[in-house]
Amino acid sequence: MTALVARTGRHQQRYAEGYRLVAGCIPYRLKEGVFDFNNIEQNMEVLMVTSQRGGVFLFPKGGWETDETVEEAACREALEEAGVRGQMKAYLGSWDFKSKRQQGYSCPEGLCRGYMYALTVTEELASWPEQHHRQRQWFSVADALKHCGHDWMREALDKFVKDFSSTSSTASNVSSVEESTHPSHGD
């Protein structure tokens, strides 16, 4: 079995218009059994991880690098930080935020633009690259909103729940992606 290793360094990091570009996702699963689409928050759980410094729960996210699409970056971050694999179901949008940790030469003000996706979890690994640096935990939507350490991630979760609730009564129809606001796949 090959050990999974997290990427490190900033030499392939994407920047645009003074922003560091990051990709992330909201990993989710639906509870088994009877499903009520009128009460999505009671039937869904989302996976969050602690920040590397601990104490704050957030959704997996990290740098979008030049050798990958934004979707690949979001899936990579879910694997590295949370130890999950899954299927990308929907592009949720982008949010601008400021990061004290990401201030540097290429981005002196620490501005970031996060592209977020919904990821239905199909596999939860027992071992993953950042397992010794982060804890992962499944939350109800209501508890995730309470525990999430970033306003912009709470907004992404709200959007996901609203979009999911407004789809038809099959979970496979969640994948409506708005191409007009979707980030480009190339350089």
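The values are calculated or read from the model by the stated rules, or taken from the named source; none is laboratory data. Just so we're clear, the structure is a prediction, and the values are computed from it rather than from any experiment. Here the Cβ is made from the backbone with ideal geometry for all residues, glycine too, and neighbour counts use every protein chain on show.
Conditions (1) closer than 19 Å to PRO129 by Cα; (2) among the small types (Gly, Ala, Ser); (3) over 15 Å from the mean Cα position of the chain (by Cα); (4) part of a strand (DSSP E or B), marked per residue:
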position: ILE40; (1), (2), (3), (4): no, no, yes, no
position: VAL46; (1), (2), (3), (4): no, no, no, yes
position: VAL49; (1), (2), (3), (4): yes, no, no, yes
position: GLN52; (1), (2), (3), (4): yes, no, yes, no
position: GLY62; (1), (2), (3), (4): yes, yes, no, yes
position: GLU72; (1), (2), (3), (4): yes, no, no, no
position: ARG76; (1), (2), (3), (4): yes, no, no, no
position: MET88; (1), (2), (3), (4): no, no, no, yes
Item to complete: Quick one: TRP95 ticks every box in (1) buried (at least 19 other Cβ atoms within 10 Å of the Cβ); (2) more than 21 Å from GLU45 (Cα to Cα); (3) at pLDDT below 95 except a single one, so which number is it?
Response: (3)
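Yes or no, residue by residue, for (1) in a loop (DSSP other than H, G, I, E, B); (2) modelled with pLDDT of 95 or more; (3) closer than 19 Å to PHE97 by Cα; (4) touching a Ser or Thr at 6+ places or on another chain (Cβ under 7 Å):
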{"residue": "HIS132", "(1), (2), (3), (4)": "yes, no, no, no"}
{"residue": "LEU145", "(1), (2), (3), (4)": "no, yes, yes, no"}
{"residue": "MET153", "(1), (2), (3), (4)": "no, yes, yes, no"}
{"residue": "LYS162", "(1), (2), (3), (4)": "no, no, no, no"}
{"residue": "SER165", "(1), (2), (3), (4)": "no, no, no, no"}
{"residue": "ASN173", "(1), (2), (3), (4)": "no, no, no, yes"}
{"residue": "GLU178", "(1), (2), (3), (4)": "yes, no, no, no"}
Discussion item. Looking at (1) at pLDDT 95 or above; (2) among the hydrophobic types (A, V, I, L, M, F, W, C); (3) part of a loop (DSSP other than H, G, I, E, B), which one does ALA23 not meet, given that it meets all the others?
Written reply: (3)
Worksheet entry | Residue selected from region 133-152 under the condition charged (D, E, K, R) and touching a residue at least 60 places away in the same chain (Cβ under 8 Å), by the criterion nearest to CYS112 (Cα to Cα) | ARG134
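Each row is one residue, and each column tells you yes or no for (1) modelled with pLDDT of 95 or more; (2) not hydrophobic (A, V, I, L, M, F, W, C).
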site	(1), (2)
CYS75	yes, no
GLN87	yes, yes
GLU109	no, yes
ALA118	yes, no
PHE139	yes, no
